[in-house]
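The values are calculated or read from the model by the stated rules, or taken from the named source; none is laboratory data. Owing to the predicted nature of the structure, the values given are computational and were not obtained by experimental measurement. Note: ideal-geometry Cβ built from the backbone for every residue, glycine included; neighbour counts use all protein chains shown.
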Amino acid sequence: MKMYYSTRNVNEKVSFSEGVLKGLSTNGGLFVPENFEKIDIFNKKYLEVDYKSLAFDILSKFLNDFDEEEIKWCINEAYNEKFETEDIVSIKDIENVSFLELYRGPTLAFKDMALSILPKFMKLSKEKNNEKKDIVILTATSGDTGKAALEGFANNEGIKIIVFFPTDGVSEVQKAQMVTQTGDNTFVVAINGNFDDAQSGVKDIFNDTEFNKILNENGYVFSSANSINIGRLVPQIIYYFYGYFNLIKNNKIKTGDKINVVVPTGNFGNILASYYAFKMGLPVNKFICASNINNVLTDFLNTGIYDINREFNTTISPSMDILISSNLERFIESLTDKNDKLIIELMNSLKTNGKYELPNNLKEKLNKFYGGFADDKSTKSTIKNVYEKYSYVIDTHTAVAYKVYENYLEETNDTDTKTLIASTASPFKFTRAVLESIIDKNLDNKSDFELIEELSKITNLEIPKAVFELNKKEILHKTVINPNKMKDTIADFLKIK
Ligand SMILES: *Cc1c(COP(=O)(O)O)cnc(C)c1O
């Protein structure tokens, strides 16, 4: 039953439910699956199935200590009318590209695909492991995880959720979504710092033995809703297969044909999920990893050197403003033969020198990936071009992906391979940058909320429920702190002395 092990200690093994509860392994490693069972892509039933049935087949291969009934319960509780479209993921085809619209959930970003189901995993995992303590979900967010986690965990009995976001690093809509969150078990805190400060702070708190002990004595135990939690990654595998079967159904490819996958990347979670799909039998030609100007991953994929000693930039694709991509650790581990010593060495080097370099034999294995980046200017012109050419509105993150895909085509001439692009957010979540791109004008004098109506008018797109009248909601969370006060703030919330 223990099919997951730690990247930093291959002898630390857990079941799915234990991994979900723990978040991180004892020595700060991440849990990874021991094996990847194949999905039989030639099975004709996949040309008929809906999202939920496909979810069942895929989740069954990972939720090793959940029974059939339990998995179905999780799926039905997660993927329901909270999503704006009945098919859960809608797909838009433009020439050789299929945009997987992963943003039809309650918070308008792809994070809903996993965070609407993680709380269900967590509830059952708590019961299975007879965990009587209250679970405290600690989350660092670059904007989208926070709201999606709050939405998923609000009013869940036996669970509290604390979200830290960089005060100037999120869009007006993202901020409004979080600070208006209802639910007695929710706490939202702005940090004077960037996402990496928030994420490092959370990781340090997870690894703080003394603080964990105090927490335990007070009836609490920490877990995580970030993509370091294995329960976040597994649901993200589903839609890559969904996109693939859709391409077959629409006669764009034959079963077995290889496709490209393009993912706008921050923490390397979503693209890692596509790589896991590949390990389960999804035929992939190239993984195209798209970054914004914080292009530490582009450099890594080109050189095998990961180096965060560089300026941190805030951009119009804030959910990708990240220098330390946590899930890269899982990917590198997968290139080795359970070499936990190497992982510890690399991660220590990252912590002390802000840098590591892969050994040569691993560098060679990066060639399944193509890394590229787009700056704000080309992101904006991409939004404009796609809108003018196809009357299709994409958000800033998706535009980064599309631009990097265009660069890839130019470099490789790989125009034959059909391509899935993960479209990760609704344009209404990043309205200012999207509208400014489309009408080519600076809109500083208007609020995001005015711009939402304007974008709707110009493009004829309906305003999604999730942002409708968001500005009229009461602000319930007002705490702003420096990163070194995160621990104290948590203790305050939980009323720990
Ligand atoms: C989180 C997020 C990303 C990056 O996803 P990772 O899994 O962190 O790589 C990209 N786009 C949007 C809109 C996001 O919210």
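Please enumerate the residues belonging to region 4-23 that are in a loop (DSSP other than H, G, I, E, B) and either modelled with pLDDT under 95 or more than 23 Å from the chain's Cα centre (by Cα) (or both).
Once the filter is applied, which keeps residues that are in a loop (DSSP other than H, G, I, E, B) and either modelled with pLDDT under 95 or more than 23 Å from the chain's Cα centre (by Cα) (or both), region 4-23 yields only Gly23.
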Filtered residue count, region 216-244, keeping only those that are away from the ligand (no atom under 16 Å from the Cβ), buried (at least 19 other Cβ atoms within 10 Å of the Cβ) and at pLDDT 95 or above: 4
Only residues that are buried (at least 20 other Cβ atoms within 10 Å of the Cβ), of a type in the set (Ser, Thr, Tyr) and closer than 18 Å to Ile490 by Cα: list them for region 161-199, please. Thr186
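So which residues in region 388-403 are more than 20 Å from Ile293 (Cα to Cα) and either surrounded by 20 or more Cβ atoms within 10 Å (Cβ to Cβ) or of a type in the set (Asp, Glu) (or both)? Steps first, please.
The first filter runs over region 388-403 and keeps only residues more than 20 Å from Ile293 (Cα to Cα), leaving 388-393.
Glu388, Val393 - these are the residues of region 388-403 that are more than 20 Å from Ile293 (Cα to Cα) and either surrounded by 20 or more Cβ atoms within 10 Å (Cβ to Cβ) or of a type in the set (Asp, Glu) (or both).
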If you go through region 343-362 one residue at a time, how many are part of a helix (DSSP H, G or I) and crowded, with 16+ Cβ neighbours inside 10 Å? 6
Residue list for region 323-342, filter: closer than 24 Å to Gly201 by Cβ and either small (Gly, Ala, Ser) or not in a helix (DSSP H, G or I) (or both): Leu323, Ile324, Ser325, Ser326, Asn327
Checking Tyr4 against (1) touching a residue at least 40 places away in the same chain (Cβ under 8 Å); (2) surrounded by fewer than 21 Cβ atoms within 10 Å (Cβ to Cβ): exactly one of these is not met. Which one? (2)
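Step by step: first the residues of region 416-442, then only those that are in contact with a strand residue (DSSP E or B) (Cβ under 9 Å, 6 or more places away or on another chain) and hydroxyl-bearing (Ser, Thr, Tyr), then the one that is nearest to Thr107 (Cα to Cα). Which residue is that?
Here the answer is Ser426.
Just checking, which of Gly193, Gly152, Gly201 is under 20 Å from Phe110 (Cβ atoms), at pLDDT below 95 and small (Gly, Ala, Ser)? Steps first, please.
Numbers: Gly193 fails: under 20 Å from Phe110 (Cβ atoms); Gly201 fails: under 20 Å from Phe110 (Cβ atoms).
Answer to the selection: Gly152.
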Which of the residues spanning region 454-491 are over 26 Å from the mean Cα position of the chain (by Cα), loosely packed, with under 13 Cβ neighbours inside 10 Å and not in a loop (DSSP other than H, G, I, E, B)? Lys457, Lys472, Asp488
Among the candidates Val49, Val89, Val20, residue that is β-branched (Val, Ile, Thr) and either touching a Pro at 6+ places or on another chain (Cβ under 6 Å) or within 16 Å of the ligand (Cβ to nearest atom) (or both): Val89
Please verify whether Ile253 is within 14 Å of the ligand (Cβ to nearest atom) and either out of contact with any Ser or Thr (no Cβ under 6 Å at 6 or more places or on another chain) or within 30 Å of Leu323 (Cβ to Cβ) (or both), treating the condition exactly as stated. no
Asn413 passes all but one of (1) surrounded by 14 or more Cβ atoms within 10 Å (Cβ to Cβ); (2) at pLDDT 95 or above; (3) closer than 30 Å to Lys286 by Cβ; which number fails? (1)
For region 61-77, the count of residues that are touching a residue at least 60 places away in the same chain (Cβ under 8 Å) and within 23 Å of the chain's Cα centre (by Cα) equals 4
Across (1) among the aliphatic types (A, V, I, L, M); (2) surrounded by 17 or more Cβ atoms within 10 Å (Cβ to Cβ); (3) more than 16 Å from the ligand (Cβ to nearest atom); (4) within 23 Å of Asn313 (Cα to Cα), Leu443 clears everything bar (2)
So Asp337 fits all but one of (1) more than 16 Å from the ligand (Cβ to nearest atom); (2) at pLDDT 95 or above; what number is the exception? (2)
So Gly269 ticks every box in (1) within 14 Å of the ligand (Cβ to nearest atom); (2) surrounded by fewer than 22 Cβ atoms within 10 Å (Cβ to Cβ) but one. Which box is left unticked? (2)
Looking at region 161-172, can you tell me whether even one residue there is free of Cβ contacts under 8 Å to residues at least 60 places away in the same chain and assigned to a helix (DSSP H, G or I)? no
Scanning region 299-319 for residues that are in a helix (DSSP H, G or I) and over 18 Å from the mean Cα position of the chain (by Cα), the one farthest from the ligand (Cβ to nearest atom) turns out to be Thr303
Among Lys126, Lys132, which is the only one that is touching a helix residue (DSSP H, G or I) at 6+ places or on another chain (Cβ under 9 Å), within 26 Å of Asn64 (Cα to Cα), assigned to a helix (DSSP H, G or I) and more than 12 Å from the ligand (Cβ to nearest atom)? Lys126
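Quick grid of which residues meet (1) touching a helix residue (DSSP H, G or I) at 6+ places or on another chain (Cβ under 7 Å); (2) of a type in the set (Gly, Ala, Ser); (3) within 16 Å of the ligand (Cβ to nearest atom); (4) not in a loop (DSSP other than H, G, I, E, B):
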site	(1), (2), (3), (4)
Leu366	yes, no, no, yes
Tyr370	yes, no, yes, yes
Ser378	yes, yes, no, yes
Asn385	no, no, no, yes
Tyr392	yes, no, no, no
His397	yes, no, yes, yes
Glu410	no, no, no, yes
Asp416	no, no, no, no
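Conditions (1) among the charged types (D, E, K, R); (2) farther than 28 Å from Asp337 by Cα, marked per residue:
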residue	(1), (2)
Tyr4	no, no
Val32	no, no
Lys38	yes, no
Ser53	no, yes
Leu63	no, no
